[in-house]
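Reviewing the structure listed below.
Just so it is clear, none of the values below were taken in a lab; they were calculated from the coordinates. Small disclaimer: the values here were computed from a predicted structure and weren't measured. When we count neighbours, we look across all protein chains shown, and the Cβ atoms used for this are built from the backbone with ideal geometry, even at glycine.
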Amino acid sequence: MAEFIQKSVMPVSADELLAWHSRPGAFERLLPPWENIEIIRTASSLTGGAQAELAVRIGPFRKHWIAQHDALASEVGFQDVQLSGPFAKWEHTHRMTPIDAESSSLEDSIQYDVPLGWLGRLLAGASIKRSLVRTFAYRHRITLADLTAHRDARKRQTKGNESMKILVTGSTGLVGSAVVAFLTTGGHQVLRLVRGKARNADDVVWDPAVETIESEKLEGLDAVVHLAGENIATGRWNAAKKTKIRDSRVNGTRFLSNTLAKLISKPRAFVCASAIGFYGDRGDEVMTESSPPGTSFLCEVCRDWEAAAETARQAGIRVVNLRIGVVLTPHGGALEKMLLPFKLCAGGVIGSGKQYMSWIAIDDVVGAIHHALTCDALSGSVNAVAPDAVTNRAFTKTLGSVLHRPTIFPMPAFAAKLAFGEMGDELLLASTRVTPQRLVESGYQFRCPKLDGALRHLLGK
């Protein structure tokens, strides 16, 4: 039998700390992005024997993990006990101990044992201990950062401490799913704008292609986060693909903007995704929000995408066009595609390696969106990138160092163009050096300002 304990001070009361863990999205927020774990079902509560089920990948094997939750008898907190799963025994106690009215101590205490007795402990004991250290360091970082962000936002908002009612489009996407989990754990009500049939009471059905939407459900919203759009990094950019990329952003945004503008009770804020593709290939030039747009396909899409929100702005809604950089997470996007070749020692620079890459960690995309929702002074174009734009060569070297792998297999520019066509030119070979000037000036504090720290945080290194 082994024991692991992680303890941290949190900037909220013990009751609020427990409430954060009890809300929808908490497990999603706490799940380390490098772990190969699928959530089958979450527990309906943290008490009364409610059960959660996960699917855990252990090498080539897929193991189901079922845990039962119960409240602690005489303390603030809860316990989950493995009913079946990869461990011989697993009892995880979450204790929230008051320090004063505005702070508490979070303690995760785990008693566990591995299968196969002494042989299992000999073969896997040290590895499991290292994994627990990484996992719970990550969990406590996320918990602290999320609670701090919500606390600071409540102080910043003119309407005080009340929760918001927020509509999110693209809620199942890479960024959208993380945004929903963050907002719901913060106590906000999230409505999802979905296609097809509604699955629950908080779903709002729309079809931007034919301009239909359940507009009556949008009355009384506090804010809207618009993230929907065709994935630009899949498939070659033929004429049909480019039409989907443009129409899904421009037409969908225009229809949603027009709908919001006609509401009787309009939202206060409309945070609409855009992209740093607005600037195009600009070499070493540093781009701020006041820089003019480029002339490529993506530049034109981003320009029209942002303009499509104008009707909401004219109706008195505070509009933020968030120009998002290359989002880093091992769950999808550019980093996910890079990991396998880099782990196989097949990573290397693309093209000359001199082109700038303006990146942002997934936690800071979520943070920037939340900041835009709650900072009443922020409107217009806002660059959502880390303050540490790097060249492709520097990115390659840093990722290789974090993974402890050599980076000796370059992809020449002609090979990128041959493999990806126009997409290769605009996404892989273009140089876009962007700075988050307005985000920083408005008081946003980056969780991952430097590339090395961001990659170590996201990959558990």
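For a footprinting-style exposure proxy, rank Ser291, Ser248, Ser74, Ser44 by other Cβ within 10 Å, fewest first.
Details: Ser291 17, Ser248 20, Ser74 4, Ser44 11.
By the 10 Å Cβ count, ascending: Ser74, Ser44, Ser291, Ser248.
Please identify every one of the GluC sites (Glu not before Pro) in segment 203-306 that sits in a loop by DSSP and has no more than 15 other beta carbons within 10 Å of its own beta carbon.
On the way: sites: Glu211, Glu214, Glu216, Glu219, Glu230, Glu285, Glu289, Glu300, Glu306; in loops: Glu211, Glu214, Glu219, Glu230, Glu285, Glu289.
Filter output for segment 203-306: Glu211, Glu214, Glu219, Glu285.
In whole Hz and in residue order, list the ³J(HN,Hα) couplings for segment 73-86 that follow from phi through the Karplus curve 6.51 cos²θ - 1.76 cosθ + 1.60, θ = phi - 60°; x for Gly and Pro.
Karplus values, whole Hz, x for Gly and Pro: 5, 10, 9, 7, x, 7, 10, 10, 10, 5, 8, 8, x, x.
In debye, nearest 20: dipole of segment 113-175 around its Cα centre with unit charges on the Cβ of K, R (+) and D, E (-)?
Values: 12 positive and 4 negative charges, 45 e Å.
Dipole of segment 113-175, to the nearest 20 debye: 220 debye.
Relative contact order, percent, of segment 161-459 when contacts are C-alpha pairs under 8 Å separated by at least 6 residues?
On the way: 585 pairs, mean separation 55.1, N = 299.
Contact order relative to length: 18 percent.
Over 16 Å apart: what share of the alpha carbon pairs of segment 166-273 falls there, rounded to a whole percent? Let's see the in-between values first.
Working: 3378 of 5778 pairs.
That fraction is 58 percent.
Among Met1, Met338, which comes first, second and so on when ranked by fewest other beta-carbon atoms within 10 Å?
Working: Met1 9, Met338 17.
Going from least to most buried by this count: Met1, Met338.
State the extension gain, in nm to one decimal, for the chain segment bounded by Glu230 and Ile40, taking 0.36 nm per residue of separation less the distance between their alpha-carbons. Can you show the working numbers first?
On the way: separation 190, 0.36 × 190 = 68.40 nm, distance 2.66 nm.
The span from Glu230 to Ile40 would gain 65.7 nm if fully extended.
Only bridges whose two residues both fall in the chain count here: according to DSSP, what percent of them are antiparallel, nearest 5?
On the way: 49 of 83 bridges.
The answer is about 60 percent antiparallel.
Using the membrane-span-like helix rule (whole DSSP H runs, Cα extent along the own axis of at least 27 Å, mean Kyte-Doolittle hydropathy at least -0.5), which helices of the chain qualify? Numbers along the way, then the final one.
Numbers: long enough: 117-156 (55 Å, -0.37); 239-261 (32 Å, -0.67).
The answer, listed by residue number, is 117-156.
Can you tell me which lysines have their Cα less than 18 Å from the Cα of Lys241? Leave out same-chain residues fewer than eight positions away.
Here the lysines satisfying the reach criterion relative to Lys241 are Lys417.
Give me the distance in nm between label points sitting 7 Å out from Cα along the Cα-to-Cβ direction at Ser103 and Asp15, one decimal.
2.0 nm
What shape does segment 114-209 take by its C-alpha gyration tensor, where a ≥ b ≥ c are the square roots of the eigenvalues and a/c under 1.5 counts as rounded, a/b above b/c as prolate, and the rest as oblate?
Working: a/c = 3.92, a/b = 1.73, b/c = 2.27.
It is oblate, given that a/c is not under 1.5 and a/b is not larger than b/c.
Could you list the residues of segment 138-158 with an amide nitrogen less than 12 Å from a label point located 7 Å from the Cα of Ser22 in the Cα-to-C-beta direction?
none
Taking a quarter of the surface of the Cα convex hull of segment 309-439, what do you get in nm²?
If I average the Cα hull's projected area over directions, I get 8.9 nm².
Starting from the eigenvalues of the Cα gyration tensor, five times each then square-rooted, give me the equivalent ellipsoid semi-axes of segment 2-155, largest first, whole Å.
Details: eigenvalues 149, 52, 50 Å².
So the three semi-axes of segment 2-155 are 27, 16, 16 Å.
What distance in nm separates the two pseudo spin-label positions at Ala71 and Lys262, each 7 Å out from Cα along the beta-carbon direction?
About 4.8 nm, to one decimal.
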